[in-house]
Amino acid sequence: MKTILGTGQLGIAILQLLLDKNPKEQILLVNRTGKLAISIPKNVAIIAADVTSKIEMETVFTKSTIVFSCTDMPYEQWETFYPKTANAIAYALSKTNAKLVFADNLYSYGNVMGKEMSEQMLHSATTKKGKIRAGVINTLLFSNNECSKRVALVKAADFIGPHIHKGVFGKDFLDRIYAGKKVMLFGNIALPHTFTYIKDFAAAMINVGVANDSFGQIWHVPNAPALSLDKWIHLFEIIANKRIKKRVTPKILIKIAGFFNSFIKELYEMAYQFEYPYLVNHDKYVNRFGNHCTYPSEIVKETVEWYESTLKK
């Protein structure tokens with residue numbers, strides 16, 4: 001049975017793609033509540049489990065052939081959540097024969113000062129969150145040779161697309177442009193910045209998960225060409241038919257705001273992502289699975305259609 005840990009944007013995107021391929025496939029969803037806001041077919045089950053519990057993860061992994069881990073928590077909780085989760089999953093792997101496809105980001109590489117990131121790079125981040133993610137990779141991929149052979153990590157950049165509520169082009173951005181308000185940005189908006197379309201991430205997770213030769217490795221999602229924030233905004237202007245007013249917030253003001261807002265404080269240390277080109281190489285993935293990236297105009301079109309059909313007031 002295929003199991004999906006986490007029912008956020010990525011988990012649901014994986015579920016939908018799996019059902020598109022095989023509407024009758026037996027799938028297990030796992031989240032904290034055992035409940036879901038959307039309807040699911042009878043062949044999809046959902047249970048509540050704590051991903052930081054070794055015993056509960058062992059129970060889940062025992063039921064599974066492949067586990068897609070898509071769990072996430074607010075930045076402020078990473079320091080305790082991710083080490084516990086990695087340890088619980090590693091324990092479950094050691095007690096079962098399940099395979100794991102773990103959704104990851106690029107933080108572990110740290111500030112590469114504009115260099116193109118590849119899977120061969122060292123996980124040498126100096127930020128708190130980057131070190132946490134590097135620790136997860138070490139626990140899952142490098143600590144146990146036998147278990148690591150059944151682990152694959154799939155790394156993505158910042159999310160863009162429908163159903164994204166947080167992020168540069170998430171719900172707050174769309175709320176502002178439809179209300180005629182200035183959008184709030186920071187960093188150098190003329191530099192190219194890689195974003196990951198959520199459906200491309202889901203497809204990459206599945207492709208890696210069903211290929212026997214993909215485990216024991218790190219993979220990068222195939223992403224759309226890196227555009228500057230300015231060019232992305234211009235696409236939104238054209239497709240949404242809106243004139244977008246921008247305000248670039250100085251870094252010092254973000255630092256000051258962090259004294260009063262814990263999320264902004266955590267965001268501040270990742271500001272380097274917008275101070276240099278943010279480029280990601282996906283040649284390894286494309287050479288093995290092909291390039292299925294969605295291009296910027298289609299991403300923006302689907303995002304605008306989602307917002308206008310479901311959220312626009």
In segment 235-258, anything in a helix (DSSP H, G or I) and modelled with pLDDT of 90 or more is listed as 235, 236, 237, 238, 239, 240
Going by what's in this entry, would residue 239 be described as surrounded by 14 or more Cβ atoms within 10 Å (Cβ to Cβ), in contact with a Gly (Cβ under 8 Å, 6 or more places away or on another chain) and among the hydrophobic types (A, V, I, L, M, F, W, C)?
no
Output the residues belonging to segment 62-78 that are out of contact with any strand residue (DSSP E or B) (no Cβ under 6 Å at 6 or more places or on another chain) and outside any loop (DSSP other than H, G, I, E, B).
62, 75, 76, 77, 78
With the structure loaded, tell me whether residue 139 is under 18 Å from residue 83 (Cα atoms) and surrounded by fewer than 19 Cβ atoms within 10 Å (Cβ to Cβ) or whether it fails that test.
no
Out of (1) within 20 Å of the chain's Cα centre (by Cα); (2) surrounded by fewer than 20 Cβ atoms within 10 Å (Cβ to Cβ), the odd one out for residue 114 is which?
(1)
Of the residues in segment 11-42, those that are in contact with a helix residue (DSSP H, G or I) (Cβ under 9 Å, 6 or more places away or on another chain), assigned to a helix (DSSP H, G or I) and surrounded by fewer than 18 Cβ atoms within 10 Å (Cβ to Cβ) number 3
Within segment 268-295, tally of residues that are of a type outside the set (A, V, I, L, M, F, W, C), more than 17 Å from the chain's Cα centre (by Cα) and under 25 Å from residue 111 (Cα atoms)
8
Within segment 254-267, track down each residue that is among the aromatic types (Phe, Trp, Tyr) and either crowded, with 17+ Cβ neighbours inside 10 Å or over 19 Å from the mean Cα position of the chain (by Cα) (or both).
259, 260
Residue 245, sole failed condition from (1) surrounded by 13 or more Cβ atoms within 10 Å (Cβ to Cβ); (2) farther than 27 Å from residue 291 by Cβ; (3) touching a Gly at 6+ places or on another chain (Cβ under 9 Å); (4) touching a residue at least 12 places away in the same chain (Cβ under 8 Å):
(1)
Does residue 45 fit the bill of being among the small types (Gly, Ala, Ser), part of a helix (DSSP H, G or I) and surrounded by 13 or more Cβ atoms within 10 Å (Cβ to Cβ)?
no
Check whether at least one residue in segment 81-101 is at pLDDT 95 or above, out of contact with any strand residue (DSSP E or B) (no Cβ under 6 Å at 6 or more places or on another chain) and assigned to a loop (DSSP other than H, G, I, E, B), and report yes or no.
yes
Would you be able to say whether some residue in segment 292-310 is of a type in the set (Ser, Thr, Tyr), farther than 21 Å from residue 155 by Cα, surrounded by fewer than 13 Cβ atoms within 10 Å (Cβ to Cβ) and touching a helix residue (DSSP H, G or I) at 6+ places or on another chain (Cβ under 7 Å)?
yes
Of all residues in segment 16-31, which are closer than 27 Å to residue 78 by Cβ and touching a strand residue (DSSP E or B) at 6+ places or on another chain (Cβ under 6 Å)?
28, 29, 30
Please determine whether any residue of segment 115-137 is under 30 Å from residue 297 (Cα atoms) and among the small types (Gly, Ala, Ser).
yes
Odd one out for residue 171, checked against (1) surrounded by fewer than 20 Cβ atoms within 10 Å (Cβ to Cβ); (2) basic (Lys, Arg); (3) over 19 Å from residue 301 (Cβ atoms)
(3)
Residue 121 fails exactly one of (1) closer than 25 Å to residue 264 by Cα; (2) assigned to a loop (DSSP other than H, G, I, E, B), namely (1)
Could you check segment 259-313 for helices (runs of 4 or more DSSP H) lying wholly inside it with 3 or more residues that are closer than 24 Å to residue 209 by Cβ and touching a residue at least 12 places away in the same chain (Cβ under 8 Å)?
283-289
Flagged in segment 188-234 as among the aliphatic types (A, V, I, L, M), surrounded by fewer than 19 Cβ atoms within 10 Å (Cβ to Cβ) and part of a helix (DSSP H, G or I), in numbering order, are 210
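The values are calculated or read from the model by the stated rules, or taken from the named source; none is laboratory data. Note that the structure is predicted; figures quoted are calculated from it, not measured. Here the Cβ is made from the backbone with ideal geometry for all residues, glycine too, and neighbour counts use every protein chain on show.
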